[in-house]
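What follows is a short report on a single structure.
The values are calculated or read from the model by the stated rules, or taken from the named source; none is laboratory data. Quantities reported herein were computed from a predicted structural model and do not represent experimental measurements. Note that each Cβ is placed from the backbone with ideal geometry, even for glycine, and that neighbours are counted across all protein chains shown. Calculation scope for accessible area: heavy atoms of the full protein, side chains included, ligands and nucleic acids excluded. Shrake-Rupley method; radii C 1.70, N 1.55, O 1.52, S 1.80 Å.
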Amino acid sequence: MPAHSQTDGASSLLARMAFHHARLQIEASAVAEPYAALVTAARSEAGVHMS
């Protein structure tokens, strides 16, 4: 897979995760904190592919 495809995919995934985290903060606050930890781990894994 080309590097730009990986970057686009990682960026798209992280944007969707940010959206879902915001929604969880409003609708299911008990789940928002663990989900934030997941988002943090995903961002760490994405590293240079994140834009």
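Scanning the range 9-26 for residues that are open to solvent by 50 Å² or more (accessible area, probe 1.4 Å), of a type in the set (A, V, I, L, M, F, W, C) and over 15 Å from Ala41 (Cβ atoms) returns Ala15, Phe19, Ile26.
For Ala36, are the conditions met, namely being surrounded by fewer than 10 Cβ atoms within 10 Å (Cβ to Cβ) and modelled with pLDDT of 85 or more? Taking the combined requirement at face value, the residue does not satisfy it.
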